[in-house]
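Q: One structure, as structure tokens, below. Some questions next.
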Amino acid sequence: MRMRFDILTLFPNMFSSPLRESILGKAIERGLIQIQTINIRDFTLDKHQVVDDTPYGGGQGMVMKVEPVARAIESVKAQNSPVWTIYLTPQGTPFNQDLARRLSTQPHLILLCGRYEGVDERVKDLFVDEEISIGDYVLTGGELAAMVLVDAVSRFIPGVLGSDRSAVEDSFFNSLLEYPQYTRPFDFKGRCVPEVLLSGNHSAISLWRRKEALRRTWVRRPDLLEKANLSGEDRKLLEEIRKSNDDCGLGNADCAAGSSTRDKS
Ligand code: 4FV
């Protein structure tokens, strides 16, 4: 399975390097994903190539004109179908791993990047299938949001993460935060790697990792615990974590985070 992204933007050069490096770069070389940038300004008909205008009703800033965006979208749709058109905007559906996985089932996405105060509302009425936000903050343009989406979605394309890895194992897959990771050296400034990780006892290791993922999620993102599908074992571990937290009476983070590294100093 391969996936195509057509990115409509006023700044196509922004995409030259970020999407050509490392994993995504290799995925493009291997034809697993195709990324095409389209300059909306190329779809203006006037000699000044005007793409924005003042807002009806007054107010600050400029609005992207409907005609150039409409022509650009129609040019992509004319060559390909089916196409699912996404507009990146703070007013959109919050982007997350579940949404990334769903979008990865689409063979072809158009990503429309806004600038200024955004696009004329009629672009959304006539052409946009879904509005998506990468977070509750305002960017200068939708381009960075489009890159985030391309990266997160492409990880679900078989082969993009390499044969042995699949996005299915990721944290957030079962909406828990990742457990702590360690590599050599064993002892850094007196802080040592938890011995269980060197024990070779795989069930003990996966139990330790599950408990640390639950602990970290409980401490940092209790909202995720609500929607996590927890097993009976998980609930028992969570009880131990809560109890160990109450017993030591220390602040949440210190105690809850206390168990991972042992200070040898
Ligand atoms: C954004 C976001 C975002 C708003 C005005 C572009 C900017 C400008 N896009 N998630 N947050 N877009 O801030 O997706 O047009």
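For (1) β-branched (Val, Ile, Thr); (2) on the phi < 0 side of the Ramachandran plot, each residue gets a yes or a no:
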site: Pro107; (1), (2): no, yes
site: Tyr116; (1), (2): no, no
site: Lys124; (1), (2): no, yes
site: Val128; (1), (2): yes, yes
site: Val138; (1), (2): yes, yes
site: Gly142; (1), (2): no, yes
site: Ala152; (1), (2): no, yes
site: Gly162; (1), (2): no, no
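Q: Can you pull out the residues in region 243-263 that are modelled with pLDDT of 85 or more and farther than 30 Å from Phe188 by Cβ? Spell out the reasoning first.
A: In the first step, residues of region 243-263 are kept if they are modelled with pLDDT of 85 or more; the result is 243-244.
Selection gives Lys243 alone.
Q: Now for a separate question. With Leu10, Leu109, Leu88, Leu19 as the choices, which residue is over 17 Å from Gly141 (Cβ atoms) and among the aliphatic types (A, V, I, L, M)? Quick ask: steps written out before the conclusion?
A: Details: Leu10 fails: over 17 Å from Gly141 (Cβ atoms); Leu88 fails: over 17 Å from Gly141 (Cβ atoms); Leu19 fails: over 17 Å from Gly141 (Cβ atoms).
From the options Leu10, Leu109, Leu88, Leu19, the qualifying one is Leu109.
Q: Please work out which residue is surrounded by the fewest Cβ atoms within 10 Å (Cβ to Cβ), limiting yourself to region 106-137 and to residues that are assigned to a strand (DSSP E or B), within 13 Å of the ligand (Cβ to nearest atom) and in contact (Cβ under 8 Å) with a residue 60 or more places away in the chain.
A: Here is the first cut: in region 106-137, the ones assigned to a strand (DSSP E or B) are 108-113, 115, 119, 130-133.
Imposing the further condition that a residue be within 13 Å of the ligand (Cβ to nearest atom) reduces the set to 111-113, 115, 119, 130-133.
Adding the requirement that they be in contact (Cβ under 8 Å) with a residue 60 or more places away in the chain leaves 111-113, 115.
Values: Leu111: 26, Leu112: 27, Cys113: 27, Arg115: 21.
Taking the candidates together, the pick is Arg115.
Q: Which residue pairs have Cβ atoms closer than 7 Å, lie 6 or more positions apart in sequence or on different chains, and pair a first residue in region 138-156 that is near the ligand (Cβ under 8 Å from one of its atoms) with a second residue that is basic (Lys, Arg)?
A: Cβ pairs passing all conditions: Gly141/Arg115.
Q: Then there is this: Quick one: which residue in Ser199, Ser163, Ser203 is at pLDDT below 95 and either more than 21 Å from Lys227 (Cβ to Cβ) or small (Gly, Ala, Ser) (or both)?
A: When all the criteria are applied, what remains is Ser163.
The values are calculated or read from the model by the stated rules, or taken from the named source; none is laboratory data. Bear in mind that the values here come from a model prediction, so they are computed numbers and not experimental data. Every residue, glycine among them, receives a Cβ derived from its backbone with ideal geometry; neighbour counts consider all protein chains shown.
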